[in-house]
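The values are calculated or read from the model by the stated rules, or taken from the named source; none is laboratory data. The model shown is predicted, which means the values in this text are computed figures rather than measured ones. Positions of Cβ are generated from backbone atoms using ideal geometry, with glycine treated the same way; all protein chains shown enter the neighbour counts. Heavy atoms of the whole protein, side chains included, go into the accessibility calculation; ligands, DNA and RNA do not. Shrake-Rupley method; radii C 1.70, N 1.55, O 1.52, S 1.80 Å.
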Amino acid sequence: HRHLLGIEPLRPDEITTILDLAEQYVRFNRGRDKHANALAGLTQINMFFENSTRTQASFELAGKRLGADVMNMSMQASSVKKGETLIDTALTLNAMHPDLLVVRHPHSGAVDLLAQKVNCAVLNAGDGRHEHPTQALLDALTIRRAKGRLHRLTIAICGDIAHSRVARSNLLLLHKMENRIRLIGPETLMPTGIEDFGAEVFADMREGLKGADVVMMLRLQKERMDGGFIPSEREYYHRFGLDAEKLSHAAPDAIVMHPGPMNRGVEIDGTLADDINRSVIQDQVEMGVAVRMAAMDLLARNLRARPSEVMA
Ligand code: CP
């Protein structure tokens, strides 16, 4: 592949290749010397049109650890504020010959559109409610490490499914890897026709969690609710907030995940989130750097295999 725009086009063996390479980078990142040269000589530009802590920091670290020249565009201070379009911004940066563009954008499909206009590799760091492929890959690596496998597991994804690119990318990946997926949440936050993706849908959290091996929590994505119905946080926590009692319905060794940012006391009890015997939330952050290193390393191998477009 030339780009990493989503999980949708990836085959199961390609997912496994990324995770296997990421596994090597997990070991590398735990070592003292964190300098490698897989991206040496390449330029990486990070363009985040939406807020981020984990994704932006880990893409920046990943690029630097692999020897790329990394530039973080401050989109708040860019000429987008003067009315320049996404495409004009991308064409402007493209003229500076980057090799890797990492893009987050609030609109679904914006990153795919941008990828058609530039001649470098594009990585989707989250577009609207569409896809967040590196999040699903880091979640998959976290699950594979904790459970020893990434198939035939019962995985519950709980919360605001309708607005979640994390849920969508995870659903695609976990379905390709032949897991049983349960989606739990209020009917108002469940997309219609989601069963067609091969998931079971539950409005009762205890029922949905029954025997689950993995419990993945999502926050209420109010920024994408467009003035629609927003549940009260108290009521939401009562019905869908994960606490020790609700978790007791899952398998005794179920792991608890959350992509972050987390709202303690809304979708998850803070003590449970911090319980290192159940929660793998910090492992997810660690896997994020390794997975992004693996994804960029593999795209760079493709880039280097193509003839360079040196101007006369
Ligand atoms: N999980 C995730 O995408 O977090 P950020 O929004 O902080 O990057």
Quick one: how many residues across region 54-67 are touching a residue at least 60 places away in the same chain (Cβ under 8 Å) and either within 16 Å of the ligand (Cβ to nearest atom) or assigned to a loop (DSSP other than H, G, I, E, B) (or both)? 9
Specify which of the listed residues (295, 290, 300, 305) is over 23 Å from residue 205 (Cα atoms) and touching a Phe, Trp or Tyr at 6+ places or on another chain (Cβ under 6 Å). 290
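This table checks each residue for (1) surrounded by 21 or more Cβ atoms within 10 Å (Cβ to Cβ); (2) touching a residue at least 40 places away in the same chain (Cβ under 8 Å); (3) in contact with a helix residue (DSSP H, G or I) (Cβ under 8 Å, 6 or more places away or on another chain); (4) of a type in the set (A, V, I, L, M, F, W, C).
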{"site": "78", "(1), (2), (3), (4)": "no, no, yes, no"}
{"site": "82", "(1), (2), (3), (4)": "no, no, no, no"}
{"site": "98", "(1), (2), (3), (4)": "yes, yes, no, no"}
{"site": "117", "(1), (2), (3), (4)": "no, no, yes, no"}
Among (1) open to solvent by less than 40 Å² (accessible area, probe 1.4 Å); (2) part of a loop (DSSP other than H, G, I, E, B); (3) within 16 Å of the ligand (Cβ to nearest atom), where does residue 51 come up short? (1)
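Let's see how each residue does on (1) in a loop (DSSP other than H, G, I, E, B); (2) exposed (fewer than 12 other Cβ atoms within 10 Å of the Cβ); (3) more than 17 Å from the chain's Cα centre (by Cα); (4) of a type outside the set (S, T, N, Q):
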{"residue": "238", "(1), (2), (3), (4)": "no, yes, yes, yes"}
{"residue": "252", "(1), (2), (3), (4)": "yes, yes, yes, yes"}
{"residue": "259", "(1), (2), (3), (4)": "yes, no, no, yes"}
{"residue": "262", "(1), (2), (3), (4)": "yes, no, no, yes"}
{"residue": "276", "(1), (2), (3), (4)": "yes, yes, yes, yes"}
{"residue": "291", "(1), (2), (3), (4)": "no, no, no, yes"}
{"residue": "300", "(1), (2), (3), (4)": "no, no, yes, yes"}
{"residue": "308", "(1), (2), (3), (4)": "yes, yes, yes, no"}
So the check is Cβ under 9 Å with 6+ separation or different chains; which pairs have a first residue in region 100-115 that's on the phi < 0 side of the Ramachandran plot and touching a residue at least 12 places away in the same chain (Cβ under 8 Å) and a second one that's basic (Lys, Arg) and open to solvent by 50 Å² or more (accessible area, probe 1.4 Å)? 108/129; 115/2
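So which of 192, 188 ends up being in a loop (DSSP other than H, G, I, E, B), open to solvent by 80 Å² or more (accessible area, probe 1.4 Å) and over 21 Å from residue 260 (Cβ atoms)? Walk me through how you get there before you give the answer.
On the way: 188 fails: in a loop (DSSP other than H, G, I, E, B).
Matching residue, one of 192, 188: 192.
For residue 68, indicate whether it is within 19 Å of residue 288 (Cα to Cα) and open to solvent by less than 40 Å² (accessible area, probe 1.4 Å). Let's see the steps before the verdict.
Numbers: within 19 Å of residue 288 (Cα to Cα): yes; open to solvent by less than 40 Å² (accessible area, probe 1.4 Å): yes.
Considered against the rule, which asks whether it is within 19 Å of residue 288 (Cα to Cα) and open to solvent by less than 40 Å² (accessible area, probe 1.4 Å), residue 68 comes out as yes.
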Looking only at region 202-232, count every residue that is surrounded by fewer than 16 Cβ atoms within 10 Å (Cβ to Cβ) and touching a strand residue (DSSP E or B) at 6+ places or on another chain (Cβ under 7 Å) and tell me the total. 1
Of all residues in region 233-259 being touching a residue at least 40 places away in the same chain (Cβ under 8 Å), of a type in the set (Gly, Ala, Ser) and in contact with a strand residue (DSSP E or B) (Cβ under 7 Å, 6 or more places away or on another chain), the one that is farthest from residue 200 (Cα to Cα): 254
